[in-house]
Each structure stands twice: as C-alpha cells, then as structure tokens.
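To start, the structure itself, in structure tokens.
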Amino acid sequence: MWIYLNNRFVQEQDAVISVFDHGFLYGDGVYETLRSYGSRLFMRDHHLLRLFRSAEAIGLTIPVPLEDWPDILHEAMARNEVGTDQRDAYLRITVSRGAGDIGLNPALCPSPTVVVIAKPLVRPASGLYENGVNIIVASTRRNLPSALSPQIKSINFLNNILAKREAIAASAFDSVLLNWEHHLTECTISNLFFVRDGRLRTPALECGLLDGITRGVVIRLAEELHIQVEEGHFTVDQLYQAEECFLTNTSMEIMPVSMVDARKIASGKPGPVTLKLRARFIEASSRFLESY
C-alpha cells in the first residue's frame, strides 16, 4: 500500500511518524474521510472545505494548498488501484500538529504531519440494508459544545470510542449519544434520522453534533421528494415511538435501523420513507460526484 506522507508517497512500511508527534501524544489534529463511486469522489469539495474549517478552528495551518488536494487524492487512489469500476475507494486524510517537544503549546511543533490513506471501500453487508441494524442509547454523553465544538472533526475520538465500546458490549451495530440536556445527537460515526407522524426528523446542529455531509444530502433529497423535514431537540422516548429510523454517513449512505435498545422500530423492517430516500440517493448519487 502506498501512503502519502508529508509531500511524498511512501510504502506502508516506511510510513512512520515521530513518537513526539502531537497527534499521537495529545490527539491534536483533524481528519476527514471520503469515498469514491468508481473514480469520482463524493462531495469532494465539501469534505476538503470541512477539513480546512476544522484545522482553522484549532489554529492549525494545513501545508498543502486546497487546490492541490484533488491531484493527491487521485494519485493515492491510482497507486493503490482503487477508485476503479471494480473497486470504490475509501480515503482518510489526517493532519496533526506535527512533531515537537512534550508540552501543550502548539508552537512546539514547527511542521504539521499530513497523511493520506487510500484503500478499497468495504461496504456493509447487504442484509443489513434489507433488515436494518440494532442500536443502543449510550450512557456516555456527547461532549459539551462549549468545551469542544462538534464542528471540529478532531482525531481525538475518545468520546466516540467509549460509546462504541458500549455498543460492542451490547452486540449492537452502534450507539446513539445524548447531550447534556438528554436530547439525541448522533451515533459514533453517523448522523441519526427518524420518522414520526409522517415527518422526517433529525437532531439540530445546536444539540451538539457534526454537520454530516451525507446528512445534508439526505435533507436536500427529502425536500425534493416533498418529505417534511424537522431539525429539532428530540428525546429518547420520541425515538422509541418512531415509525422508521436510519443512520447516514459517507461510506454506508443510508442505513436502516430496525431496533433501539432491544425495542422494535414499528414492524422491525425498513420503512417506506427510508426505502424511498435510499432509492433516491442511489438514483441521484452522480449529482454529488466530482466532474471529470
């Protein structure tokens, strides 16, 4: 596997960083994940702009100009023989503060570390889309936005990892986290939607969640289909009473949820709104891909 590391491509065994890198020592850095459909990247510019927004929020200057990133990403795919008609690509960009002496002062690190990994996209099993997944409500709470903005896509993922451990212990697909006011936010790597009274609902950004890019696409598609969308402050009880539920992120698109905390969502099968949106997403996906 070829890895992009600080302005050059190296083989996996040579892709090493310093033990003094502040990403390793303190989780000081940002990241972004993208996928391709064939050779074309999904919502490429939105992902890159969010990467730069996250970096700016923590005072980190990305040393690679924005206009150079498409070429780097496509070279990473080509070198690793992904992003083809046979194999869609999964890409992860990581930018850390870089190597420096031990201490919290960012000025200790003169040069950020930049890494790009490109590998085959592993899609969830088709049965999960047909039957839906089970999730739980985690006891772990989402970080307070006033302490750490959820709009910073940080490499410090401990909050999410704790919630993921709860899901694993419960043999669940994932966990949904509540905020400081006991309102729904998001799952560990995806946004949450549910249908109640025929209306599509999703937690508002002010509840303390990342503005997922696929989340935005789904809201747009729902509006095109004349499905009412409500972004708001919702409780666990409202989720329990949902008629449908699904998760969204870049790699899995729209994933139906059939059970929450061992309670069936309606019939326990993907519902009509979920299926309609999923069909529309597949049909319209080319609209959200980069141009050749």
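Anything in region 263-281 that is modelled with pLDDT of 95 or more and either among the aliphatic types (A, V, I, L, M) or touching a Gly at 6+ places or on another chain (Cβ under 6 Å) (or both)? List them, or say none.
Listed by number, the residues that qualify are ILE265, PRO270, VAL273, LEU275, LEU277, ALA279.
Do the conditions hold for VAL257, that is, is it closer than 20 Å to LEU177 by Cβ, within 24 Å of the chain's Cα centre (by Cα) and surrounded by fewer than 20 Cβ atoms within 10 Å (Cβ to Cβ)?
Values: closer than 20 Å to LEU177 by Cβ: yes; within 24 Å of the chain's Cα centre (by Cα): yes; surrounded by fewer than 20 Cβ atoms within 10 Å (Cβ to Cβ): no.
Judged against the criteria, VAL257 is not a match.
All but one of (1) surrounded by 21 or more Cβ atoms within 10 Å (Cβ to Cβ); (2) on the phi > 0 side of the Ramachandran plot hold for ASN191; which doesn't?
(2)
Could you tell me whether any residue of region 197-216 is under 18 Å from CYS245 (Cβ atoms) and in contact with a Pro (Cβ under 7 Å, 6 or more places away or on another chain)?
Yes, some residue in region 197-216 is under 18 Å from CYS245 (Cβ atoms) and in contact with a Pro (Cβ under 7 Å, 6 or more places away or on another chain).
Would it be correct to say that LEU200 is touching a residue at least 40 places away in the same chain (Cβ under 8 Å), more than 15 Å from GLY132 (Cβ to Cβ) and in a strand (DSSP E or B)?
Working: touching a residue at least 40 places away in the same chain (Cβ under 8 Å): yes; more than 15 Å from GLY132 (Cβ to Cβ): yes; in a strand (DSSP E or B): yes.
Yes, satisfied.
In the list GLY208, GLY198, GLY212, which residue meets the criterion of being at pLDDT below 95 and of a type outside the set (Asp, Glu)? Let's see the steps before the verdict.
Details: GLY208 fails: at pLDDT below 95; GLY212 fails: at pLDDT below 95.
Among GLY208, GLY198, GLY212, only GLY198 is at pLDDT below 95 and of a type outside the set (Asp, Glu).
Only one of (1) closer than 16 Å to VAL115 by Cβ; (2) acidic (Asp, Glu); (3) assigned to a helix (DSSP H, G or I) fails for GLU32. Which number is that?
(3)
State whether the residues of region 99-122 include one that is within 20 Å of ASN191 (Cα to Cα) and of a type outside the set (D, E, K, R).
Step one: of region 99-122, the residues within 20 Å of ASN191 (Cα to Cα) are 121-122.
Then keep just the ones that are of a type outside the set (D, E, K, R); that gives 121-122.
Yes, because at least one residue in region 99-122 is within 20 Å of ASN191 (Cα to Cα) and of a type outside the set (D, E, K, R).
Taking region 72-102 on its own, how many of its residues are without any contact (Cβ under 8 Å) to a residue 12 or more places away in the chain and within 22 Å of LYS153 (Cβ to Cβ)?
Going through region 72-102, the residues without any contact (Cβ under 8 Å) to a residue 12 or more places away in the chain turn out to be 78, 81, 86.
Add one more test, that the residue is within 22 Å of LYS153 (Cβ to Cβ), and what stays is none.
Adding up the residues that qualify gives 0.
Going residue by residue through region 166-186, is there one that turns out to be under 30 Å from ASP21 (Cα atoms), surrounded by fewer than 20 Cβ atoms within 10 Å (Cβ to Cβ) and in contact (Cβ under 8 Å) with a residue 60 or more places away in the chain?
no
Name the one entry in LEU51, LEU91, LEU66, LEU34 that is of a type in the set (A, V, I, L, M, F, W, C) and exposed (fewer than 14 other Cβ atoms within 10 Å of the Cβ).
Criteria check complete, one pass: LEU66.
Every residue, every condition in (1) in the same structural domain as ALA138 (by TED's automatic domain parsing); (2) surrounded by 15 or more Cβ atoms within 10 Å (Cβ to Cβ), yes or no:
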position: GLU253; (1), (2): yes, yes
position: ASP261; (1), (2): yes, no
position: ILE265; (1), (2): yes, yes
position: LYS269; (1), (2): yes, yes
position: VAL273; (1), (2): yes, yes
position: ALA279; (1), (2): yes, no
position: GLU290; (1), (2): no, yes
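For GLY103, indicate whether it is at pLDDT 95 or above and buried (at least 19 other Cβ atoms within 10 Å of the Cβ).
It is false that GLY103 is at pLDDT 95 or above and buried (at least 19 other Cβ atoms within 10 Å of the Cβ).
Can you name the residue in region 123-164 that is assigned to a strand (DSSP E or B) and of a type outside the set (A, V, I, L, M) and is also farthest from LEU210 (Cα to Cα) among such residues? If you could, list the steps in order and put the result at the bottom.
Within region 123-164, the first condition is being assigned to a strand (DSSP E or B), and the residues that meet it are 133-141, 154.
Filter once more, keeping what is of a type outside the set (A, V, I, L, M): 134, 139-141, 154.
Working: ASN134: 22, SER139: 19, THR140: 17, ARG141: 15, SER154: 11 Å.
By that ranking, first place goes to ASN134.
Being under 11 Å from VAL114 (Cβ atoms) and loosely packed, with under 11 Cβ neighbours inside 10 Å is the filter here; which residues of region 8-29 pass it?
Selection gives ARG8 alone.
Taking the condition touching a residue at least 24 places away in the same chain (Cβ under 8 Å), of a type outside the set (Lys, Arg), outside any loop (DSSP other than H, G, I, E, B) and on the phi < 0 side of the Ramachandran plot, does LEU60 pass?
Spelling it out, it is not the case that LEU60 is touching a residue at least 24 places away in the same chain (Cβ under 8 Å), of a type outside the set (Lys, Arg), outside any loop (DSSP other than H, G, I, E, B) and on the phi < 0 side of the Ramachandran plot.
Of all residues in region 260-290, which are in contact (Cβ under 8 Å) with a residue 24 or more places away in the chain and over 21 Å from the mean Cα position of the chain (by Cα)?
ASP261, ALA262, ILE265, ALA266, GLY268, LYS269, PRO270, GLY271, PRO272, VAL273, LYS276
The values are calculated or read from the model by the stated rules, or taken from the named source; none is laboratory data. No experiment lies behind these values; they were computed from the predicted model shown. All Cβ positions, even for glycine, are placed from backbone atoms using ideal geometry, and neighbour counts span all protein chains on display.
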